[in-house]
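The values are calculated or read from the model by the stated rules, or taken from the named source; none is laboratory data. Remember, it's a predicted structure, so these values are computed and weren't measured experimentally. With ideal geometry, Cβ positions are generated from the backbone for all residues, glycine too; neighbour counts draw on all protein chains shown.
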Amino acid sequence: MDRKNFIKKGLLGAGALTTSVASLQTLAGSAIPLADLSLDISKLVGFNHLPYSSSTIMANTVLHKADSRGNANHGWLQSRHTFSFASYYNPERMHFGVLRVLNDDIIAGGTGFGTHPHDNMEIISIPLEGDLEHKDSMGNVAVIRHGDIQVMSAGTGIQHSEHNKNKDKQTKFLQIWVFPNKRNVQPRYDQLTLNLADRKNKLQQVLSPNPDDEGVWIHQDAWFHLGNFDKGVSTTYNMKLKGNGLYIFNLEGDIKVNGQLLNTRDGFGVWDIDQIEITAESNAEFLLMEVPMAV
């Protein structure tokens, strides 16, 4: 599959809640020809430069306020989409570099995603509340909970399902997709239980490109960190790889990133930097995702 078709497949949301070409044409309307979605986006810096009032775009940053995200309520599933996904289409929010999907999901008790396929995508799940049961075509059956992180390299192709294991309470988790730097790898699954104390007033690495490093690993030059800071605590994050960008998703509370205030569930992307300063304006939890900007 060439680059254009690969990107287009990702933009169409292959896998959970798939959007077909025909339905995307309907969603986009005649003013946005489908051909525009398969343009070579390798020269862009993480979003399309088209006017859209819900994003604040500055010289080397983009701010996504929590209430500007896509909103999908399917009854059993409530999901907020930072980037275009399924029926949510925003030409400015296709991706941030290789970060393709950031979904903030709530699954009702006893329900979940039925078996569905993925290929050539790195899929990361970070549970925030409840128990999420995973089953896949490789024979893996596992439950992930708050404090765990799960990764699946879809590679040549995999099928899996995700269900809320409990019938009497909801499950919350982040579903994150990252374009890989290697295609058609052998599918793999991994999960890890993290030490929550290791993110108290400091950054805990939870993902990297290196199997021997801290956290899980993926086929991409990306690093994820989680922080749980008390009010007034500050830190400096130094970029791992020149040319990468950083997307900060603020889970709870208020933080300032290089002076930009982020409230609960706000997202903030920045690039062309060597480091950033983060200060907790209240007790706060946040996720840092350093990713390559060139797809």
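Residues L262, L288: which one is at pLDDT 95 or above and closer than 30 Å to R188 by Cβ?
Selected residue: L288, the only one of L262, L288 that is at pLDDT 95 or above and closer than 30 Å to R188 by Cβ.
Just to confirm my filter: which strands (runs of 3 or more DSSP E) fall fully inside segment 236-295 and include at least 3 residues that are in contact (Cβ under 8 Å) with a residue 24 or more places away in the chain and either aliphatic (A, V, I, L, M) or on the phi < 0 side of the Ramachandran plot (or both)?
244-252, 267-270, 275-280, 284-292
Given the structure, is D190 in contact with a strand residue (DSSP E or B) (Cβ under 8 Å, 6 or more places away or on another chain), without any contact (Cβ under 8 Å) to a residue 12 or more places away in the chain and farther than 21 Å from I106 by Cα?
no
In segment 113-161, how many are more than 17 Å from the chain's Cα centre (by Cα), under 21 Å from Q220 (Cβ atoms) and among the small types (G, A, S)?
Number satisfying all stated conditions: 2.
I'm checking my understanding of the structure. Among residues of segment 94-135 that are among the small types (G, A, S) and in a strand (DSSP E or B), which one is farthest from L194 (Cα to Cα)?
This residue is G114.
All but one of (1) in a strand (DSSP E or B); (2) surrounded by fewer than 20 Cβ atoms within 10 Å (Cβ to Cβ) hold for M152; which doesn't?
(2)
Would you say G232 is of a type in the set (G, A, S) and assigned to a loop (DSSP other than H, G, I, E, B)?
Here the answer is yes, as G232 does meet what is asked.
Filtering segment 61-93 down to residues that are hydrophobic (A, V, I, L, M, F, W, C), assigned to a loop (DSSP other than H, G, I, E, B) and modelled with pLDDT of 95 or more, which residue is nearest to I276 (Cα to Cα)?
F83
Just to be sure, is Q204 polar (S, T, N, Q) and without any contact (Cβ under 8 Å) to a residue 24 or more places away in the chain?
Yes; evaluated as a whole, the condition is true for this residue.
Select from segment 155-208 the residues that are aliphatic (A, V, I, L, M) and part of a strand (DSSP E or B) and list them in ascending order.
Correct list: I158, L174, I176, V178, L192, L203, V206, L207.
Tell me which residues, restricted to segment 191-239, are out of contact with any Asp or Glu (no Cβ under 9 Å at 6 or more places or on another chain) and within 16 Å of I255 (Cβ to Cβ).
Within segment 191-239, K202, L203, D230, V233 meet the criteria.
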